[in-house]
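Novice: Here it is, the structure, as structure tokens.
Nothing in this text is a laboratory measurement; each read-out follows from the coordinates by a stated rule. Source: prediction; values computed, not measured. We place every Cβ from the backbone using ideal geometry, glycine too, and count neighbours over all the protein chains shown.
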Amino acid sequence: MHGSRDFGASVTFIRGAVQLLTCTRARLPVPLMLVGIAVSFGCSTDDPLAPTSTCPEESDGLQDGEASGALCPPGSAVTYDGFVKPFMQQYCTRCHDSQLTGSDRQCAPLAHDCDTAEGILKIGEHIDEAAAAGPDVVNTSMPPSGPRPTADERRQLGEWLACNADAWGTE
Ligand code: HEC
């Protein structure tokens, strides 16, 4: 009965492999289960900016935004309190707010917060490329859903960012 013993062994092997592959953790001893959980969390994202482990890694799509080319006209009338703050409250802070954590961020990256002028300028270049308009391009990847700013609102955002470009972070 040599053959059937081999057959039995391969069935056991295949079953084991399938169990591993399909992550059937229930039947594994507890330490292995913990390793399995750690591995599956580790695998779901490598992105240190992701607010939860279920958020996708930052997609490359957004990196495609271009610098708007916006300039700061002398005597620009676009102010933080008068325009940028209400703009951010209307279109951005339901996801990008320093007070929001975990799933409330709807996967908006950590440290990408639009609730203060400092927070915005720290990622000024990214915001320009994601949401602002200028002579070179109208960037529209943000917001990804919900009410969307008009091109003129995006142009004003670009202008304010340009007027404060010396305060942009370097990341
Ligand atoms: C519905 C939630 C939501 C809203 C509203 C929203 N965002 Fe985002 N934002 C996200 C998510 C999710 C990502 C990560 C997406 C990705 O990288 O693919 C992101 C990424 C970004 C990034 C990083 C892009 C980069 O350079 O990698 C910037 C900057 C940004 N958002 C700015 C804004 C601005 C400005 C607004 C308002 C005009 C806004 N977002 C509105 C969810 C949101």
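Novice: To make sure I understand, if each residue's beta carbon is the centre and we count other beta carbons within 10 Å, what order do Val84, Val137 fall in, fewest to most?
Specialist: In order of increasing Cβ crowding within 10 Å: Val137, Val84.
Novice: Let me ask you something else. What does the charge count near Asp136 come to, summing +1 for each Lys or Arg and -1 for each Asp or Glu among other residues with Cβ under 11 Å from its Cβ? Let's see the in-between values first.
Specialist: On the way: positive: none; negative: Glu66, Asp128, Glu129.
Result for the neighbourhood of Asp136: -3.
Novice: For Arg105, Arg148, which order do you get if you count the other beta carbons within 10 Å of each Cβ and list the fewest first? Don't jump to the answer; show the numbers that get you there.
Specialist: Values: Arg105 20, Arg148 14.
Starting with the residue having the fewest Cβ neighbours, the order is Arg148, Arg105.
Novice: Each label point is 7 Å from the Cα along the Cα-to-Cβ direction; what then is the distance between the points at Ala167 and Cys107, in nm?
Specialist: Here the modelled spin labels are 3.2 nm apart.
Novice: Next question, about the same structure. Regarding segment 60-167, what is the average projected area of its C-alpha convex hull, in nm²? Don't skip to the end; give the middle numbers.
Specialist: Values: hull surface 25.7 nm².
Seen from a random direction, the Cα hull of segment 60-167 projects 6.4 nm² on average.
Novice: Order these by the 10 Å Cβ neighbour count, fewest first: His112, His96, His126. All intermediate terms of the calculation are to be shown ahead of the outcome.
Specialist: On the way: His112 22, His96 25, His126 19.
Going from least to most buried by this count: His126, His112, His96.
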